[in-house]
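Read-outs: derived from the displayed coordinates by stated rules, not from any lab. Treat the numbers as computed from the prediction; the structure is a model and nothing was measured. With ideal geometry, Cβ positions are generated from the backbone for all residues, glycine too; neighbour counts draw on all protein chains shown.
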Amino acid sequence: MTAAMAAAVAATLGIIIGRFWDVRSEAARWRRDQMTASYQRMAEVFRKTTEGIRAVALTAPGDELFAEKVDRVRADSSWDDAYSAVWLHGSPAVVEAARELDLAMTELFYDAQDGAHRIEDWYRLRIPARDAFENFLEAVRDELKLKVVAVKYFPDVPRQVPSPVPERP
């Protein structure tokens, strides 16, 4: 009878520990999925938002469509939504990279409204935002423990090789 009681207690304890472990690992998986989804969404929205800003930059302020294009970019909340999700689910390093990207995108939007730009001007105006996006992607890949890639998202952006950290004596 004692052996049966010990077996029952052990089985019950095993079920409780197993359930606790399942709940814990499921919560960790959910957090990682949310984090990954927020990073992916930010990358997707970057392209869409940049295209809207490009349309503003290449339109003369006197053009009848200029105000409509500016309003369209302002009314699209997808950038802010994606940015907020990264703030909620992201690691500190990725949130900082997202913040730098948001600042660069805001500056790009203001610069785009300054006047009609030629396509050459646009290529120059977007460099800080492209660099910030590259930094965001690198921070995300590092956070997700993905292997370093030898190429950049924008092929004409030079790859910055981190300088080796000197060893302490």
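Note on R99 and I119: the model spin-label points, each 7 Å out from Cα along the C-beta direction, lie 3.8 nm apart. Over segment 33-143, Cα pairs under 8 Å with separation of 6+ residues give a relative contact order of 37 percent.
In straight-distance terms, cross-link reach from K48 covers every one of the lysines whose alpha-carbon lies under 20 Å from its own, apart from those fewer than eight places away in the same chain; here that gives K69, K152. Segment 36-54 and segment 85-152 have Cα centres spaced 10 Å apart. In terms of its C-alpha gyration tensor, segment 28-169 comes out oblate, because a/c is 1.5 or above while a/b does not outweigh b/c.
If you plug the beta carbon distance of L146 and S77 into 1/(1 + (r/R0)^6) with R0 = 35 Å, you get a FRET efficiency near 0.75.
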